[in-house]
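Engineer: Encoded as C-alpha cells, here's the structure I'll be asking about.
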Amino acid sequence: MKLLLVVLAIATVAFASNGVDLSTLATVENFQCLVDTQNVTFVVLRGYRSFGSLDPNIKANLKNAQDAGIFFTDVYLFPCRGKSPVDQANELIDHLSDVDYNYIWVDVETNSSPGCSWAASTAEENCNFLEQMVNQISKRGRAPGIYASSYMWTQIMGSASACPKFKALPIWYPHYDKTQTFNDFTPFGGWTKPNYKQYQGTTNVCGVGVDLNWYPQCSGEECLQKK
C-alpha cells in the first residue's frame with residue numbers, strides 16, 4: 001500500500017496541471033520558483049501586444065521558462081483590430097522562427113489601444129478578421145487556440161452563439177472564481193467543453209505578476225495529446 005501511495009503521489013506531481021500566463025520579463029529563477037513552489041508545468045507568454053507590436057521579452061521568456069524545465073510553453077497574441085490579421089500572425093511567427101513553443105492563443109477581448117478596437121467594425125467583420133488570423137497561423141504550420149469569455153465573445157461577435165467557426169480549436173477562458181473546475185463554464189461560440197481555465201487574475205508569485213491557470217489532471221499519453 002505504501003508503494004502504491006508513493007507512485008500515485010509521483011504521478012500527481014509529474015502530471016500536475018497548474019500553469020501561469022504573464023506579460024512581463026521573468027528570469028530563470030522566477031520560473032524555477034514557480035515550478036518548485038506552485039507545481040507549474042505550463043506557461044502562456046505574451047508574444048504580441050494589444051497596440052500592434054511584438055513583445056520584446058517573448059524570446060527571453062520562452063528560453064528562461066524552458067531552462068527552468070517548463071517545456072509546455074505557449075504564446076498568446078493580443079491582436080490590434082486596426083492592423084492586418086495576416087501581417088500580425090506572420091510578424092509573430094517570423095520573430096519566433098528560431099525558438100520552440102506550442103500553441104499560439106489569439107486573445108479575443110475588448111482592446112482600448114488607439115486604432116485597435118473591435119468596436120469600430122461589425123460583428124461579421126470581426127468574425128472574418130479572426131478567421132483570417134487563425135487560418136494564417138495554421139497555414140504557417142503553427143497550432144492556434146482561442147482565449148475568450150462568453151461576455152467578450154458576445155461584445156465582439158454580436159452574440160454568444162455567433163461565429164462558431166472555431167469550435168474545433170481549443171478554448172481557454174477566464175473566470176476569476178479561484179476554483180480549479182470547469183463547472184462554471186457556459187457554452188459560447190460553438191464550444192461546449194473548455195480546455196484551459198484562467199481562474200485567478202494578476203497575482204504576485206515568486207517575484208513576478210502572473211495569472212493562474214489550470215486544466216484537469218491527465219496522465220501519460222493523454223498529457224502529450226493535449227499539446
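The values are calculated or read from the model by the stated rules, or taken from the named source; none is laboratory data. Source: prediction; values computed, not measured. Positions of Cβ are generated from backbone atoms using ideal geometry, with glycine treated the same way; all protein chains shown enter the neighbour counts. Surface accessibility is based on the protein's heavy atoms, side chains included, excluding ligands, DNA and RNA. Shrake-Rupley method; radii C 1.70, N 1.55, O 1.52, S 1.80 Å.
Engineer: Once fully extended, how much extra length lies between Ala168 and Lys193, figured as 0.36 nm per residue of separation less the alpha-carbon to alpha-carbon distance? List each step's numbers first, then the result.
Structural biologist: Values: separation 25, 0.36 × 25 = 9.00 nm, distance 1.05 nm.
Going from the current span to full extension adds 7.9 nm.
Engineer: While we're on this one: Given axes a ≥ b ≥ c from the Cα gyration tensor, I'd like to know whether the chain is rounded (a/c under 1.5), prolate (a/b larger than b/c) or oblate.
Structural biologist: prolate
Engineer: Would you mind working out the accessible area per residue for region 160-210, using a 1.4 Å probe, and quoting it in Å²?
Structural biologist: Here the per-residue accessible area is 51 Å².
Engineer: Only Cα pairs within less than 10 Å get springs; with that Gaussian network setup on the chain, which residue of Pro170, Pro85, Pro187 has the largest fluctuation?
Structural biologist: Residue with maximal mean-square fluctuation among Pro170, Pro85, Pro187: Pro187.
Engineer: Calculate how steeply helix 123-139 sits against the longest principal axis of the alpha-carbon atoms of the chain, using the helix alpha-carbon long axis, and give the answer as 0 to 90 degrees to the nearest 10.
Structural biologist: 50 degrees
Engineer: Note down the nm distance, to one decimal, between modelled labels 7 Å out along Cα→Cβ at Thr179 and at Lys83.
Structural biologist: Going by the 7 Å Cα→Cβ label model, 3.9 nm.
Engineer: Quick one: compute the contact order of the chain, relative version, from alpha carbon pairs under 8 angstrom and 6+ residues apart, as a percent.
Structural biologist: Across the chain, relative contact order equals 20 percent.
Engineer: I would also like to ask the following. Quick check: at a probe of 1.4 Å, how many percent of the accessible area of the chain sits on carbon and sulfur atoms?
Structural biologist: 54 percent
Engineer: Another one. Which loop-located chymotrypsin sites (Phe, Trp or Tyr not before Pro) does region 25-116 contain, where loop means any DSSP state but H, G, I, E or B and the Cβ has at most 15 other Cβ atoms within 10 Å?
Structural biologist: The qualifying sites are Phe51, Phe71.
Engineer: Under a point spin-label approximation (7 Å from Cα along Cα-to-Cβ), what is the Asp36-Ser97 distance to one decimal in nm?
Structural biologist: Using points 7 Å along Cα→Cβ, the separation is 3.8 nm.
Engineer: If I build a Gaussian network model for the chain, linking alpha-carbon pairs within less than 10 angstrom, which residue out of Ser112, Ser53, Ser97 has the largest mean-square fluctuation?
Structural biologist: Greatest mean-square fluctuation among the candidates belongs to Ser97.
Engineer: Would you kindly state how much longer the chain becomes between Asn204 and Ser53 on full extension, computed as 0.36 nm times their sequence separation minus their alpha carbon distance, in nm to one decimal?
Structural biologist: That pair, Asn204 and Ser53, stretches by 51.8 nm at full extension.
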